[in-house]
Each structure stands twice: as structure tokens, then as C-alpha cells.
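All remarks here apply to the structure that follows.
The values are calculated or read from the model by the stated rules, or taken from the named source; none is laboratory data. Just so it is clear, the model here is predicted, and its values are computed rather than measured. Cβ coordinates were reconstructed from backbone atoms using ideal geometry, including for glycine residues, and neighbour counts include every protein chain displayed. For accessibility, only protein heavy atoms count, side chains too; no ligands or nucleic acids. Shrake-Rupley method; radii C 1.70, N 1.55, O 1.52, S 1.80 Å.
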Amino acid sequence: MARAKLKNSPSESNSHVKTVPPATAEDVRGVSPLLPARRMGSLGSDVGQRPHAEDFSMDSSFSQVQVEFYVNENTFKERLKLFFIKNQRSSLRIRLFNFSLKLLTCLLYIVRVLLDNPEEGIGCWECEKQNYTLFNQSTKINWSHIFWVDRKLPLWAVQVSIALISFLETMLLIYLSYKGNIWEQIFRISFILEMINTVPFIITIFWPPLRNLFIPVFLNCWLAKYALENMINDLHRAIQRTQSAMFNQVLILICTLLCLVFTGTCGIQHLERAGEKLSLFKSFYFCIVTFSTVGYGDVTPKIWPSQLLVVIMICVALVVLPLQFEELVYLWMERQKSGGNYSRHRAQTEKHVVLCVSSLKIDLLMDFLNEFYAHPRLQDYYVVILCPTEMDIQVRRVLQIPLWSQRVIYLQGSALKDQDLMRAKMDNGEACFILSSRNEVDRTAADHQTILRAWAVKDFAPNCPLYVQILKPENKFHVKFADHVVCEEECKYAMLALNCVCPATSTLITLLVHTSRGQEGQESPEQWQRMYGRCSGNEVYHIRMGDSKFFMEYEGKSFTYAAFHAHKKYGVCLIGIRREENKSILLNPGPRHIMAASDTCFYINITKEENSAFIFKQEEKQKKKGFAGRGTYDGPSRLPVHSIIASMGTVAMDLQNTECRPTNSSKLALPAENGSGNRRPSIAPVLELADTSSLLPCDLLSDQSEDEMTQSDEEGSAVVEYVKGYPPNSPYIGSSPTLCHLLPEKAPFCCLRLDKGCKHNSFEDAKAYGFKNKLIIVSAETAGNGLYNFIVPLRAYYRSRKELNPIVLLLDNKQVLLCKHHFLEAICCFPMVYYMEGTIDNLDSLLQCGIIYADNLVVVDKESTMSAEEDYMADAKTIVNVQTMFRLFPSLSIITELTHPSNMRFMQFRAKDSYSLALSKLEKKERENGSNLAFMFRLPFAAGRVFSISMLDTLLYQSFVKDYMITITRLLLGLDTTPGSGYLCAMKITEDDLWIRTYGRLFQKLCSSSAEIPIGIYRTESHMFATSEPHDIRAQSQISINVEDCEDTKDVKEHWGIKTGHHRNSCSSDQSEHPLLRRKSMQWARRLSRKGNKHSGKTAEWISQQRLSLYRRSERQELSELVKNRMKHLGLPTTGYDEMNDHQNTLSYVLINPPPDTRLELNDIVYLIRSDPLAHVANDGHSRKSSCSNKLGPCNPETRDETQL
């Protein structure tokens, strides 16, 4: 009851007054502990004693009492102090008024000097004036000119009024600031100067003869300087902002110089009244010449008082100015370290973005600047870097380059301080990029710092768009509020997983998210470099269909029809759309999607449509002849024949003499009037609207069911049937649910261990399991949550069961693994996923996990080695270990993640490879030309064998201009699954598919048969690498010895011919079958050396090459024996070890959206975006049989084969 009465008391409306309501006995007994002790008196001292409570008088002790607070501020002195000192705004006004008074007194002094004329006579007020000009010829000083001046009455009145006001104000401030020591106030320099300039004027009021007395009013300039300093401080307090100390120090220095010059000018001019009578301007000239140490000597003081004043002024300047300059230099050096401020005026008139990082490295800075300023509309933006560490030497040198010094502003500060965010003008920024420090040993701690920075920025500037980079997927949900978030480990593991089934996916994505004009490598003599560099300029762009010339004419048509014809006509690749009413992006929604004018189209092209010009003259001429144009490309990859493709509703054909194959001619015979005997096979047209009888968006599901039924029939009940569903356990919050192949029941944790048997099975190595598909081995340091994103894309529902590869996780740290039971709980539902403890530098671990049965080995960068004392040495151990595996297992595809992209030149290193040296020169040349992708021509990167997560930093930077890039990348990587959106897969071109001949015809074939959209080609070419000079290429790549003059080599030569017949480009064969090979080879070399007179130059070169080949074979034989001995020691069979299957004489590269007339070559792998198989399950169940019967033949509109990798 007492609490209720206190809440309802009407006196609470007054913040300074509180009332105590009367209480009853019940209140005292029941709720007395809630009452204040002082108010209750003895009751508060012992609230538990009831007799004390009953002794109180109800009339005297419980009457209502009004209590006032802060009564000490009601005194007259406190109110004055509040107005003059404490209150910031009123104090600022007072100081501004005082500053104005001091400037006015100085101005009045100048007026008095200009009106003064000593020749009219000098003397006291109302006294007889005397002319002292006759005495100037003598050497004596006329002191009357110094003590007396001519002051007019109005001027005197004004000066007296100002002096009186200043005196009263000074005395009032002395009274208010008095703290017990009056002498401290009196002996202050400001008080002494004030008394000198005000008291004499007040005395002249009562003693008129002294009104012409000289008073050094010009000393008020020092009081004006002091008032200005206080005014600046009050100004900062009043508007709640802090100006830089550099500004204050510069202001103090300038004011000190002005005061010295003004004091010297006025003093010398007055004292020289008794000498040469210098004018005010000549005195000013003399002071400037003297203080600047020039000293012309044309104007000099003549009498000793003025000379003494000059000495005093020079001494003061020598003491004061060096101290001021020292402070200024110190502040300047500190400003250089901290970066100063980004002015409010610039923030309001210019556009800027803020980059927040823990530590700024030169690679990170250049990647950001090159990618950010690659966009034309961002050229006028400024970049403000906010970093808590001091700028290092390399960054300082780069930021001094004129290109960046005018655009980039470095501020040393923390994003957790509002003062530093205010310095960066975060609330006016167009965006804020918050990047994590991936080189930290503790990546979780780095994420925690990033999260706090994001929270601080969101709290300070809630309207500033946030672009956040996070390292660990489990920390992603903390920054879910950000506009764009890129999780490094999610993207990394998904990309590495897709690299195993779609080769070089990492290179494909990296090229897509880098800004380039496609001019790299155009001056190279190598055709593959020119084509690869040209296609690397393709990026993802967007445009509204109603505003597009590319796609406007396909309104009301199917998506597949629009994609094919836009590619045929303009060379652009339409990959996805977004409905106006739906914000979800759909990749290849399929032929059932009808294009609308309000759709946003996403397409791949060299440049966006707004920057493209359209030339139709040549096409119109060809149309007049009855043929369609052959496309917009006219490059080196164009076919030597004309590609004639008919319009909609007709058959596409080529006019060359490619015959239809006899085996299928009866099925796909062309009409007689078309002359089918000398025409190449036809391809079905792409329909404007979907035809359910000819398309099978769900053929993948039916194929899988057939595969599963077949396997079950063959193997009986021993085969474990898989189910499709969503993983029941996610290792972290925020993972996107994906429909996957799952086990009907979770596997026990003991069965997940590959190298140890359990009560459920006794298998202890990969060979014992009898896997039908090749293994995928992942070498990681710990069982991090990111590995979950490696497994999910490889177990997605759209992959056929017979294509599922077993996954083996080779983990380093056993202690960390034991703590990751929730991770095992998350992966135990996936089929054929195992783990074991081991490292890649341990040969036994590699052999036990089944490396000889693996197609791909993924080496993930270790967190513990990401930081090193020497820059770029963090990858040393990984590179050397991978090089060892490359030598031991040449046929193994090793996909390596590096910390620094520049280290990729050491992958698969060959010291005497002149081709690699040529590529190194090409890389330097492209870097000098300003390319953002100078490393793209390195063979490991082009082939997708090496990857660095820092390459994906540009994904976050591009999102500032293309807000859809993160979404599209996640859809391509399989991290997100949107209903109706397609997925990335690959198809291999076999000999049976070469009848299609060109990429444009393949585009039509896929669109018409299976509604798939090709986006690029992964091409592998045979190449002969030179060891030292270009003319050694032939000998380098050919190991078989062909010597007709030596009869002793016939039988051995036959064996080698058999061996090398299967692998034309391989540098390998099984030397273990010929133990005398090396000895006989030496005999051949000696015999050849005796016959060197016939062909001395060529023979010597040939012999040296053969010696090198024999040396390499001997080294490989030793490595082969080492591996086989270890396998025998571990009890593993050696039959599966293919030690000599080397792929060193091939190079691979990615062609993104190549021209339609690009020739298809054998073993090309085509990247496809396949439509969602579950998008129309209910509608298309009746059409599966007819669609599944069509296969990828030369003359039939059909669906393609299963993906071959």
C-alpha cells in the first residue's frame, strides 16, 4: 500500500521536490523496509522493532514534508557562475563578446595613431600645447612624445566605456572563479594586462589632465588571443564535437605571430615618435623584415627605447615560436599517424564509403581499391579507411601515389569509438565495409571483433548500408541485420566441393566476380591465352526486360527461348530472372517461365547493355539473301564456315558436307528436298512456349530411380537404400536447408571412422569398403562447421546416386575432433562420409585413407599457419607438402587453398620450365597494364587446381554496385536453394557428341532437349613444355626413344611403344618391368656419342634430352618403389597404384560464355545451369517415359547423357 501511495503522489511531477505522504500503522508494519532511512528517523534504524513504530506520534512524525533539492544552486553566485562559466552556450556568448571588445580596442588604437599629429603640440588634457619638433635635432630623447598623445574627446569616451566594461567583467570573473587563493588570480598575466589597459582609463574619468596619457592599448591583442582560445573550447563543448588538436595548435601559432608583429609594430611606432617619427606602415615593414631574418637595414630604430623593445621582442619570439613550432610538428606527426578527420563539409558535398579493418595489408588494400574504382560510376567516390593500427610503410607508399592520395583517406581509430566514427563521418557514408582479419590465429576472436564493429556502426549510423565479411559460419547470424554478408568458410568449402564435380568452379566464380574488360592476354602469341583472356571479361549484369534491347522482343516467350535467341543474336547468356512481385532470384527457371516486361533479367556479357552499341547492317544484308546473321563475334575462334541457323519453326543446319551417321540416319533422315545426304544432322528448334511432351525437367529424378532399382536388382538386399530429405541436424544457426541424399537411419559414430573397425563392420582402409566411385579426400586441420558446406553440395538431391563419390575427411587435430560431437551428429546422416586422423605430410595416412583410389584431394588452408613472421611464408608448408604428393601421385587432381594468391606460382613447380617463365613475364606485363587479374594466366589457377579465399573479397566489393552478386554466387555454389531455381553442373563432350561441332549449336541442343543453359567451357589441351629453351619442346614431352641405328634396342623399343600408345601426351610408363633399362640406355648414349660427326649439334641436344628423361624415370621409379613398400608394410594391395600416369603435358582453362561459333573439342566440359527438377513434378509425371527414351545422339532431339566428369 505504501508503494502504491508513493507512485500516485502528485508531488512527483516536480523533479526538484518530493513529498512524503502520511502513513498508517499498517503501512509502518507492512512495508517499512521500502521507506528511506533518513525520512523515517528511528524507524529506519531498526525497522524490525514494532514497539518503536507504535511510539511515534501520528500528528507530528507523519505529516507531509516537502523536500527541495539542489538548493545550493539557487544562490546568486551560483547562478552567475552557471551563466558565465558552466553553461556552455552562454559562456560562449560571453567570450565572443569579450573577444569583440579586445579587437575593437586594438582598432581604436590604430585610429588614434592615424589621427595623432605631434607637430600640433603635445601636452596634458586642457593644458597649453608645446611644439617639441625643434628638439629632435639634439641627441636627447624627448620623453613628452612618449608619455603624451593627442586623444580626441569622442575617442576617449569610447575607450573609457570599453575599459569600464572590461574591468567590471574581469572583476566579476575573478570573484566567480575565486577558490581561496586571491594571489593566484592577481598574478595571472591576463589579469595584469587587463589592469594595465583599463585602470588608467578609469582614472582619467576622475582626473581629466591624464586623458592624453599614453596607454598601451595595443596589448589587448594578447587578451584577444586568450579569449579566442577559450571561445574555441566553448564552441566545441556547445556543439558536442571535438576539433582536431592540429587545428587548435595552428590557430594558436598564427595568433601568436600576429600578436608579436602587432605589438612590435605599435610599440616601435610609438617610441620612434621621439626619434625619426616612423609611420605605422614603416614600423610594420620593419617588423616583418626583422622577424623573417632578412634585415634589409633601410628602416632602423634610432633611439635606445625602441632598440630595447626590438631586443625584447626578438627574445620573446626566440622563446615562444620554437615551442609553438615544436608542438605543431609533433601534432603533425601524430596526425600523419592517425589520419586527421574527414570534414563535415566534404561529407555533405561528396560521396564516400568507409572501410573498417583490424589491420590493413597492402594486398587487401589494392584488391579493394582496384575492384571498387573499376566501376565507372564510382570514380567520384572517396574511400575513408578506419583502422586501429598505424599505417605500415608499404601502405603509406601506395597512398602517396597521386592516383590514390586524392581518393583515399586513412584514419587511425576504432569503430567502437563514436569519436572515431564521427571523424570518418560514418552517418554520411554511402556504405561501410567491415572486413575480418583472416590472418589471425584465432579466427573466432577475429569474428567477435567484426561483430562488435558491425554493432557499433549500426548503433551510430543506422541508415548506413553495411557490407560485412565474416569468417566462421556459426557467427553469421549475429550480423544478419547487415545489408550484405559474405561468410568466408561457407563459400570456400562449397566452392572446393564443386571443384571436385565441376572442374575449375573456383576459377569460374573468381573470374565472374572480378571486374575486367577482357583485354588481358590479347597481345600474347598463344591463342588459348587470347581466348581465355577475352572470355574472362564476362561478368553478370542485370536489366529490366521492358527496357532491354537484348530481351524486349522475347516478351511472352519462354525463358529458354529467350536465352537461346539472345545468345544467338547478341552473344549474351541469360542465366536468371527476378519477378517484380517476388524478390527471389531464379537461375534458369525453365521453359515454363514466361517472360514479362517487368522481369529483371540477369545475364553474362563482356559489358552491360547500356554500354553496348548495336550494328545490324551486316545482319540485314544476310537476311535479304535469306540467311540469318552469324553473330556478333568475329574473333580467332570463329568457324571457317558460315553457320546458317533458321528462324523459329524451322530446322537449324550447316551447309557443309557433314553427313548424318549411318546408325541413326533412318531415325533422323531429313526431308528429300533439303538434301539430307550432304548436310549435317539437325537440331530441334527451341519452342516459344513449353511443350510437356518433348521436355523433361524431372528426368533426373526418373534416372535416379532407375539407377537405384537397377543396383538393387543386381546387388540384392545388401544395398542400402538412400532417402531424400533435409538434414535433421545443422551444426550451426543460419545454414540454408537443402534437400539431400540421406541414410534411412543415422550411422553410428564408430562407423564414421574409416581406418578403424567396429562391431558393425571390420573395414580398416578404403580398399576394404569396395567403393565403386572414386574418393574425394579433404585434408583439414579441424572438424569445423564449414566442412558441412563441403558435404551438402556433393549430397544434394539433384545428383544421381550412382554419381555420389565417397568423402573422406582427413583431420589433423584429434583433441579438437573429440569436442566436435555435434559435428559428427550433423554428418552421420549423409551416405559415404567418413573421417580419419592424419596429415598430408604422412604417407601412411594418405595411403590408409585411399589416396590411390581418389580422383580429387582437397587441401584446405590451416588456420594455425595463416600467419607467419615473414609475409607470404604462411603457405610454405602447404606448398611443399602438395609438391611432394604431386611427385608421388602424378595422376591425382590436387585442389589446394592458399593464403596468398601470389604463391600459386609455386604450385607444381618446375625449375627449368621456360614456359612457366614466359607466363611469369606475361603476369608482370598484365600487372603493369593495370589488370586486376594478373595471376589468371598461371596454369594452376587457370586449371582450377589452386584457390585463395582472398580472391572472393571482390564479391563483397562488387555488391556495392551489384546487390545481387552474393545471391547469385550462393545459388551457383549450392549454398542456397530457392524453389524453382536451377543449379550448376557439368557435362563432358565425348566423341559421340562432336557432331554438334559448335558451342552455339550445343546451346540450341540443350535448350531444345533438356532446357539447360550452358554458361562456359572447361577446356583441356595437350601442350609440350620446354625445359630450358623453346627448341627442346619436342624432346621434353616424348620419352620413347626411336634410334634406328642401334640393333640392341629393338625389343625394349617395342615395349615402350606399347606402353606409350595409350597416353600420347603422357611422360610416363612403367619402368619397373625393365630392370636393365637404365644400363642399356647409357650404352645407347655412348654409341650415339661416337657417331656425332654426322649430326653433331642435333645429336648432342638429343642425347642431353634423353639423359634428362632417363634421370626423371629413375627418380619416378624410386618414388614408385617407396609408395609400394609403404603399401605392403600397411597390408594394402599395390595393384591400384598408377604411379606413372602423369598429366604434366596438358593445360586447362575456363572459357566463360564463349562465342556461338566456338568449336567444341573432345573432352571439353561444359558448365550448365540445369533447371530445378522438383519445380514441376506434379505436372510432368506423365511425360517421363517418352522423355527418358531420348539420348544424346547425333540426329535426335533428346536429353543429354548423365554428367561425365
Checklist outcome for this item: Share of Cα-Cα pairs in the range 330-468 beyond 25 Å, whole percent, is 21
Item to check | In Å², nearest 10: area of Thr969 left accessible to a 1.4 Å probe | outcome: 0
Item to check | Translational D in µm²/s for the range 910-986 (Stokes-Einstein at 4 °C, 1.567 mPa s, Kirkwood Rh from C-alpha pairs) | outcome: 85
Next on the checklist: How large is the accessible surface of Tyr769 in square angstrom, using a 1.4 angstrom probe and rounding to the nearest 10?
Outcome noted: 40
Checklist outcome for this item: From the cross-link list Lys361/Lys425; Lys361/Lys877; Lys361/Lys583; Lys81/Lys225; Lys179/Lys417; Lys351/Lys925, the entries with a Cα-Cα span beyond 27 Å are Lys361/Lys583; Lys179/Lys417; Lys351/Lys925
Checklist entry - Out of every Cα pair in the range 378-433, what percent are spaced more than 19 Å from each other? => result 31
Next on the checklist: Taking the square root of 5 times each eigenvalue of the Cα gyration tensor, what semi-axes in Å does the equivalent ellipsoid of the range 956-998 have, largest first?
Outcome noted: 32, 14, 8
Item to check | Accessible-area ranking of Ile409, Ile683, largest first, probe 1.4 Å | outcome: Ile409, Ile683
Checklist outcome for this item: Highest mean packing first, using Cβ neighbours within 10 angstrom, the peptides 146-158, 573-585 sort as 573-585, 146-158
Next on the checklist: I'd like to know how the range 848-1002 sits against the 2.2 N^0.38 Å rule of thumb: what's its Cα Rg over that expected value?
Outcome noted: 1.26
Item to check | Neighbourhood net charge (14 Å Cβ-Cβ; Lys/Arg +1, Asp/Glu -1) for Gln348 | outcome: +1
Next on the checklist: If you take every residue apart from Thr505 with its C-beta less than 14 Å away from the C-beta of Thr505, what net charge results, scoring Lys and Arg +1 and Asp and Glu -1?
Outcome noted: +2
Item to check | Sum of side-chain charges, Ser524 neighbourhood, beta-carbon under 10 Å (Lys, Arg +1; Asp, Glu -1) | outcome: -2
Item to check | Fraction of alpha-carbon pairs over 14 Å apart in the range 499-582 - percent | outcome: 72
Item to check | Extent along principal axes [Cα atoms of the range 145-282; Å; largest to smallest] | outcome: 50, 38, 28
Item to check | For peptides 495-502, 589-596, 795-802, sequence by mean Cβ density within 10 Å, most packed first | outcome: 495-502, 589-596, 795-802
Checklist entry - Among 783-792, 880-889, how do they line up from the highest to the lowest mean number of other beta-carbon atoms within 10 Å? => result 783-792, 880-889
